1. When only alpha-carbon atoms count, how far does the stretch 206-311 stretch along each of its three principal axes, as whole angstroms with the largest first?
2. Highest mean first, how do 110-123, 413-426, 307-320 rank when packing is the count of other Cβ atoms within 10 Å averaged over residues?
3. Got a sec to turn the phi values of the stretch 399-412 into Karplus ³J(HN,Hα) couplings, 6.51 cos²θ - 1.76 cosθ + 1.60 with θ = phi - 60°, whole Hz, x for Gly and Pro?
4. Non-local amide H neighbours of Leu152 (under 5 Å, H modeled in plane, Pro and chain starts lacking H): which ones?
5. Give the relative contact order (percent, whole number) for the stretch 36-115; include only Cα pairs under 8 Å separated by 6+ residues.
6. By a straight-distance test (C-alpha under 13 Å), which aspartates and glutamates pair with Lys246 as possible cross-link partners, with residues fewer than eight away in the same chain excluded?
7. Starting with the highest mean, order 52-63, 212-223 by the number of other Cβ atoms within 10 Å, averaged over the residues of each peptide.
8. Between the stretch 341-371 and the stretch 207-230, what is the separation of their alpha carbon centroids in Å?
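The values are calculated or read from the model by the stated rules, or taken from the named source; none is laboratory data. Just so you know, these numbers come straight off a predicted model, no measurement behind them. Here the Cβ positions follow ideal geometry from the backbone for every residue, glycine too, while neighbour counts run over all protein chains shown. Side chains are part of the model used for accessible areas, which takes the heavy atoms of the whole protein and leaves out ligands, DNA and RNA. Shrake-Rupley method; radii C 1.70, N 1.55, O 1.52, S 1.80 Å.
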Amino acid sequence: MNVNPWATKFSGPNPAADPRRMRRIIAEDQEWSLATVPLLSDLCINHIVQNFAEHPLLNELLEKHKRKVLAKISTNIPLQVTANLVSDEGYWRRCCVECWEVCDTSSYGGSWKRMFFERLLKNIIEFFVPDTTDIKVVLELVPLCRDFVKKLDIAQLLPPVKQFPETVDDESSDAGSDSDVNGPSMDHFDFSILLSKLTSLEELHVTYGVKDCGMNFEWNIFLFTYQDCFSLAKAIHSCKTLKVLKLPRNRIDDEKLRVLVKYMLNHPSLVELDLSHNLIEDNGAKVVAKLLHKTKLEKVNLCNNRISAYGARAIAYKVRRFSTLKSLNIRLNQIGDEGGEALARALMKSSVEEINLASNELTESVAIIFSELLMKNQTLTSIDLSCNNLGLEGGKQLQEGMSKNRTLMEFDLRLTDIGQEHEYAINQILHNNRERVWNAVCHPVKIIQATQVLSDHYLASE
């Protein structure tokens with residue numbers, strides 16, 4: 001029998017059936033396998049994410065797909081695309097964390113989006129250099145952030161860059177002193193171009209000064225100029241939603257305050273004004289008194305100014321007759337006994353709840369009037385007379401007045417020399433007042449809860 005060697009060679013077992021001789025497929029991606037083919041929806045989502053800046057497709061997606069897109073899109077996408085389209089807090093949280101090391105939303109109503117835009121606008125304004133920075137940087141941001149910015153806290157404002165003249169030979173010119181006169185003005189950022197466009201702004205805090213000026217320190221970079229005053233006044237007038245205005249440490253004097261108040265008269269929403277640590281004297285206090293009559297101010301802070309008895313009497317007159325004031329702070333002024341007595345008498349027929357007259361050179365005579373006030377007033381909850389020389393007799397009078405008071409919760413009498421016995425007795429009365437109010441608030445709640453328990457028990461038994 002003839003055997004064909006070629007037939008023998010190819011009649012053996014099939015090589016493909018031998019696992020040891022099979023061809024192996026080695027993928028470059030070691031996690032890839034035939035069993036993990038991506039879903040078509042995932043491929044579409046990845047495509048949307050990669051092209052989101054050019055084609056921002058979001059509202060047309062299902063909610064579950066929208067969440068995946070928002071979790072993946074880059075935080076570097078231009079704000080012109082995301083500002084009014086993306087409302088997801090998770091996305092804006094990523095934006096905030098990438099921009100700032102410390103992020104706390106408690107001061108921003110718990111909103112990451114609001115924090116992002118408020119801090120972004122704050123940074124732009126604080127580092128805006130007049131005559132150098134293009135104003136378009138601010139104006140282009142306004143349409144994107146106007147619905148989300150409710151508070152602006154500006155801690156510094158940079159002045160224009162000082163231009164030094166070219167050096168010339170002494171022989172050719174001896175008029176070097178003229179360069180200081182003809183140099184650029186020191187006016188700061190013009191708020192009038194911004195505030196009228198922020199339709200949701202409720203709080204504005206501004207301090208004209210420079211942080212970390214280093215060796216470039218000059219007094220005029222901290223100057224609140226008349227042009228600054230006019231532009232800020234117009235801005236406040238145009239911002240009808242503004243509720244809180246704080247202008248501390250700006251060296252505001254009576255003349256500049258008159259300009260500011262002129263534009264604040266009859267403001268529809270302003271309820272809080274902080275003018276602390278300025279240069280306001282009696283004429284300025286008189287202007288503030290007029291403002292109390294023409295607005296709905298509830299809180300005024302005039303701490304650390306130069307107000308004396310005349311200014312205090314002007315404020316007291318308006319507080320007694322026309323004011324909606326709830327809180328008044330005149331700490332660190334020089335109103336003396338005459339001013340203190342005028343304010344105390346005004347408080348007997350007012351709605352004021354908090355008064356601070358600390359460090360005002362008050363003596364025993366004011367304590368006597370306050371004793372009468374404590375007996376008659378039913379609205380005051382906090383009084384601060386600390387750092388005044390009231391003396392033992394003043395302490396006795398205040399203790400007598402407190403014995404008939406049921407509403408005062410806080411009474412600061414530190415460094416008044418009223419004596420430990422009187423201070424202890426007054427603190428005990430304050431403690432009883434707070435306990436009485438606490439029980440009045442909590443007992444109705446407990447009664448309601450007990451009634452609900454009895455009702456549930458009765459229904460269960462039925």
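1. 46, 34, 21
2. On the way: 110-123: 19.5, 413-426: 16.9, 307-320: 22.2.
Top to bottom by mean Cβ count within 10 Å: 307-320, 110-123, 413-426.
3. Whole-Hz 3J(HN,Hα) from phi for the stretch 399-412: 4, 5, x, 5, 5, 10, 10, 10, 10, 6, 9, 9, 9, 8.
4. Distant-sequence amide H within range of Leu152: Glu203, Leu204, His205.
5. 22 percent
6. Within reach: Asp153, Glu202, Glu203, Glu272, Asp274.
7. Working: 52-63: 12.5, 212-223: 11.0.
Order by mean packing, descending: 52-63, 212-223.
8. The two parts, judged by their Cα centres, are 37 Å apart.
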